[in-house]
Structure formats: structure tokens, C-alpha cells
Amino acid sequence: MEKQEIKIGKGLNSILFGTSRNSLKKLLGEPTEIDSYDAGEDDNEYLTEAWHYDEFEISASFDEEDDWKLTTFSTSDKNATIDGKKVIGLTIEQIKEYIDSIGLEEPEVEEMEENQTLVSYLKSCINFWFENGKLSEVQWGVQWKDEDTPKWP
């Protein structure tokens, strides 16, 4: 996977949110590692599987409550793009300016652990993780019709 085009609300390259685990395995092969964890809060517990592909610097997550369909991607690949623009390594201000230019809503900015900042566009379901002021990872997912209904592409 030489190119990684982040498609907000849709997926990565031609891989769309809603894809099954078997379909992703046919496209990308066996993951390097699979993590399973409880992603629920209180009594709304459900399982999530995160498939890590180290060679592509991506992770893909599947949620039990969504019939194990692909719901989230994350990438730290330096060649990842949004609308053709490479984003890994950009500053917080550069990302905010660029994302504003493509018409997304105002972000929420949260200072995390030491030297980490999270810039989130909640309606668009995309998060930008910064370390020492530089973008290190993008995490994006399927968008939602309402709290319980994914808007599959």
C-alpha cells in the first residue's frame, strides 16, 4: 500500500467502512497483531478488535455491536494524505487551517499527557494526535446518523 488516502467518513483508499473482517484480510493479508478489548461504558459493554498492520502503519477496528464491521482506521504513515495533501508531521495550526479549508466543523482541542494534544472533529469523526506539536497519527471512523446508527458509505 504505497498511498494512503484518508477518506473522511468513508474509509482508506478503496477500503470502505462496513467492510467485513474476512474482506479486509483478503485485501491486506493477515494482521501483524490483533487486540481485543471491551469498548463499552458501564452496562453498554461490547467488544472491539483492533487489527494492526505494522508494514502499512495502520490499524483497523471492528465492533461487535456493529456486526464486526470495519468502523475505524488509524494511520501514522508519513505518506498518508487527506484530499491529496500529506498530513503527518504538520503542526496543529497547519492542520486546523487545512481542515478548515475543506469545510469541516470547528475542532475540539484537548491537552493530553505531556507533549500530546488531541484535535477532534466530532461530527466528522476524525481525530488528529500530536506529539511535541507535530501530527503523529490520524484516527477516523464511520459517521453516524444518530447515536446508534452508523452511516455506512
Q) Is there a residue in the stretch 23-37 that is modelled with pLDDT of 95 or more, touching a Leu at 6+ places or on another chain (Cβ under 9 Å) and over 13 Å from T72 (Cβ atoms)? A) yes
Q: Can you run down the residue pairs with Cβ atoms below 7 Å, 6 or more apart or on separate chains, where the first is in the stretch 70-95 and more than 11 Å from V138 (Cα to Cα) and the partner is loosely packed, with under 14 Cβ neighbours inside 10 Å and of a type in the set (V, I, T)?
A: D83/I102
Q.
Would you confirm, using the coordinates I've provided, whether G133 is in contact with a helix residue (DSSP H, G or I) (Cβ under 9 Å, 6 or more places away or on another chain), touching a residue at least 40 places away in the same chain (Cβ under 8 Å) and small (G, A, S)?
A. yes
Q: Within the stretch 53-74, count every residue that is under 16 Å from E33 (Cα atoms) and either aromatic (F, W, Y) or out of contact with any Ser or Thr (no Cβ under 8 Å at 6 or more places or on another chain) (or both).
A: 4
Q: Tell me, please, whether a residue that is crowded, with 16+ Cβ neighbours inside 10 Å, more than 14 Å from the chain's Cα centre (by Cα), charged (D, E, K, R) and closer than 30 Å to I102 by Cα can be found in the stretch 60-68.
A: yes
(Q) If a residue must be of a type outside the set (S, T, N, Q) and under 15 Å from the mean Cα position of the chain (by Cα), how many such residues does the stretch 139-149 contain? (A) 4
Q: Working carefully through the options T91, T48, T81, T72, find the one that is in contact with a Cys (Cβ under 9 Å, 6 or more places away or on another chain) and β-branched (V, I, T).
A: T72
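The values are calculated or read from the model by the stated rules, or taken from the named source; none is laboratory data. Keep in mind the model is a prediction, meaning the values are calculated, not measured. Cβ atoms come from the backbone with ideal geometry, glycine included; neighbour counts cover every protein chain shown.
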